[in-house]
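Taking it in order: structure first as structure tokens, then the write-up.
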Amino acid sequence: MRRTTLTAGIALAAAVALTASTATLPAAAAPAPAPAFAALAAPDISVTNVQAHLTQLQSIASSNGGHRRAGSAGYTASVSYVKGKLQAAGYTVTEQTCTSCTYPGNNVIAEWPGTAPADQVVMFGSHLDGVSAGPGMNDNGSGSSVLLENALVLAQQNPTMTKRVRFAWWNGEEQGLQGSKFYVNSLSATQKSYIKGYYNFDMVASTNGGYFINRVTSTTAAPLKAYWDSLGLAPEENVEGQGRSDDYSFQQGGIPTSGYAMGASARKTSAQAAKWGGTASASYDPCYHSSCDTTSNINATGLNRSADGIAYAIWDQAVGSGTPTNDFSVAVSPTSGSVARGASTTATVSTATTSGSAQTVALSASGAPSGVTVSFSPSSVTSGGSSTMTVAASSTAATGTYAITVTGTGSATRTATYNITVTGTGGCAGGQVVGNSSFESGTSPWTGSTGVITNSTSQAARTGSYKAWLGGNGSSFTESLSQSLTVPAGCATYTLSFWLHIDTAETTTSTAYDKLTVQVGSTTLATYSNLNKATGYVQRTFNAAAYAGQTVTLKFTSVEDASLQTSFVIDDVTLTAS
């Protein structure tokens, strides 16, 4: 933990030095029988193995001037030790150089590989650096070692994961949280949103320590608190550590945080000594930032409880217990089509959740010949949803038949094949001519009343998130939406189609108070009213052959009377020639 101006002047000499064997807990703190979390089968972390990591860090400090300060040879050797252990266990390990740190050095980032969703990450971190005054075994060899052993146990057990687990060891914490701040600032807003919680472990073996949790009442803290509560420890808020360790960097980045600590130079109260044992009015860690912060300055009981609490949090937050892996399928209908040069055609890409929970699926295509483009509206869906695929051929597109691979990318990658035949110029150009037909791509080329195209959850879209919502005001109001269309000539069929949902507060069964008019050019194709209310969307289809070879305006207009709303909700508008 970094020192603050407030605590820098507290004398350590008045502290009572306690060893692990003397930092015992009162009988009331004995483990409770059969804790509720036992069903999750979180492993017991060997405190002997944790202590072995501490011994190695002590040896590194002793061989490098007695410390492991950021940017020093001792710190570099600490990075090598942690990285080597992780790589041998199968982790993907990245060293990130903190170029803005006072003492440039590397953060160590390790992620357990697997098929858990990339946008669901739980992160566990500690600072690996110490101060130049001593080897830094409690501050923060303790946090680094319990984290490392938990990472190794996770790799050894290799359970089914529901979230991705990412571990981090930070450079430059003692100079102002510099390494973690550099990492958080390197993330995009999207990458930050993927991290559902960050857990920090700093000084978790203080010899006269208490049991403290960062933001103890928060949802993020719940698994850490549940474990220590099960041991009868009654943990308290980490008041001393607020803003002083790497969780603060994540908190400032808008990421939920928590973590364990056992205290630094602040003094234990009489009430805490009565509850946890130890000496009142003495520092939690009598060797804080001092040369005596060696492996003799470690509370083995606290170290063990912290290590096991971390394991419980990992299993609680990210390990599956029979829950199936999230997966999905992709299909295209129809599976083949043809398009003339200078025209376009459409197909529907459908997805389904095949196991686990629904997820976001990004759509893409490959294999199109020269001069042919493939687009999707919308470009991503929630598994179970569908998208309109448009295949457009330029006037110079290569003719022939080609296999296009449609790819859905989520927690896994799934594909489907669509065969397209490109024909030469002449005859029916064909294709679908309504732009932004599902309203997912902003407002263009539609024009009309402000706010008609919306993703409001008050009315559901048929596909995607957006739709056109006319009416629904409950007062005298007129709204419209229109688009200019160029209808190709020479085709056999021309079909105008849209999906319409009507709900109303009107109670009459005989009077059309509120109306929706559908027009192409100057011709009214249909009029709907509150009398046509129905549950869900209903497809409306018209023969548009009369407009072949023309540029016309498709227009929807709603008119409401003075009271009782009627909503006309429109989605998936197409005019297809073939």
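The C-beta contact set for region 387-413 (first residue surrounded by fewer than 15 Cβ atoms within 10 Å (Cβ to Cβ), second residue charged (D, E, K, R), distance under 9 angstrom, 6+ apart or interchain) comprises Ser394/Arg341; Ser395/Arg341; Thr396/Arg341. Scanning region 119-139 for residues that are hydrophobic (A, V, I, L, M, F, W, C) and touching a strand residue (DSSP E or B) at 6+ places or on another chain (Cβ under 7 Å) turns up Val121, Val122, Met123, Phe124, Leu128, Val131. Among the residues of region 547-572, the ones that are outside any loop (DSSP other than H, G, I, E, B), touching a Ser or Thr at 6+ places or on another chain (Cβ under 8 Å) and more than 12 Å from Leu485 (Cα to Cα) come to 10 in all. A Cβ distance below 9 Å, combined with a sequence gap of six or more or placement on separate chains, defines the contacts here; from region 329-350, residues that are buried (at least 21 other Cβ atoms within 10 Å of the Cβ) reach no residue that is of a type in the set (Lys, Arg) and not in a strand (DSSP E or B). Number of residues in region 87-119 that are among the charged types (D, E, K, R), more than 22 Å from the chain's Cα centre (by Cα) and buried (at least 17 other Cβ atoms within 10 Å of the Cβ): the value is 0. Filter region 540-578 for residues that are among the aliphatic types (A, V, I, L, M), touching a Phe, Trp or Tyr at 6+ places or on another chain (Cβ under 6 Å) and crowded, with 20+ Cβ neighbours inside 10 Å and give the result. The answer is Ala544, Val569, Ile570, Val573, Ala577. When only residues in region 469-491 that are at pLDDT 95 or above and of a type in the set (A, V, I, L, M, F, W, C) count, which is nearest to Gln519 (Cα to Cα)? Among them, the one singled out is Leu481.
For region 310-333, the criterion of being in a strand (DSSP E or B), polar (S, T, N, Q) and modelled with pLDDT under 95 is met by at least one residue.
Could you tell me whether Ser370 is open to solvent by 60 Å² or more (accessible area, probe 1.4 Å), over 29 Å from Lys467 (Cβ atoms), out of contact with any helix residue (DSSP H, G or I) (no Cβ under 7 Å at 6 or more places or on another chain) and in a loop (DSSP other than H, G, I, E, B)? In short, yes. Residues in region 234-278 that are crowded, with 19+ Cβ neighbours inside 10 Å and over 30 Å from the mean Cα position of the chain (by Cα): Glu240, Met262, Gly263, Ala264, Ser265, Lys268, Gln272, Lys275, Trp276, Gly277, Gly278.
Here is the figure for region 482-535: residues that are under 46 Å from the mean Cα position of the chain (by Cα), touching a residue at least 40 places away in the same chain (Cβ under 8 Å) and open to solvent by less than 50 Å² (accessible area, probe 1.4 Å) total 20.
Looking at (1) open to solvent by 10 Å² or more (accessible area, probe 1.4 Å); (2) of a type in the set (Asp, Glu); (3) under 22 Å from Glu237 (Cβ atoms), which is the one condition that is false for Glu174? Going through the list (1) open to solvent by 10 Å² or more (accessible area, probe 1.4 Å); (2) of a type in the set (Asp, Glu); (3) under 22 Å from Glu237 (Cβ atoms), Glu174 breaks only (3). From the list Thr102, Thr97, Thr48, the lone residue that is closer than 22 Å to Arg244 by Cα and without any contact (Cβ under 8 Å) to a residue 24 or more places away in the chain is Thr97. Trp499 satisfies every condition listed in (1) assigned to a loop (DSSP other than H, G, I, E, B); (2) under 20 Å from Lys533 (Cβ atoms); (3) of a type outside the set (Val, Ile, Thr) except (1).
Examine region 418-429 for a residue that is in a strand (DSSP E or B), open to solvent by less than 30 Å² (accessible area, probe 1.4 Å) and either free of Cβ contacts under 8 Å to residues at least 60 places away in the same chain or not aliphatic (A, V, I, L, M) (or both), and state whether such a residue exists. Within region 418-429, one or more residues are in a strand (DSSP E or B), open to solvent by less than 30 Å² (accessible area, probe 1.4 Å) and either free of Cβ contacts under 8 Å to residues at least 60 places away in the same chain or not aliphatic (A, V, I, L, M) (or both).
Here is a check on your reading of the model: is Ser132 more than 25 Å from Ser306 (Cβ to Cβ) and touching a Lys or Arg at 6+ places or on another chain (Cβ under 9 Å)? Yes; evaluated as a whole, the condition is true for this residue.
Please work out which residue is farthest from Leu148 (Cα to Cα), limiting yourself to region 50-66 and to residues that are among the small types (Gly, Ala, Ser) and in a loop (DSSP other than H, G, I, E, B). Only one residue tops the list, namely Gly65.
The values are calculated or read from the model by the stated rules, or taken from the named source; none is laboratory data. Every value quoted in this text rests on a predicted model; they were computed, and no experiment measured them. Backbone-built Cβ (ideal geometry, glycine too); neighbour counts: all protein chains shown. The accessibility values were calculated without ligands, DNA or RNA, using every heavy atom of the protein model including side chains. Shrake-Rupley method; radii C 1.70, N 1.55, O 1.52, S 1.80 Å.
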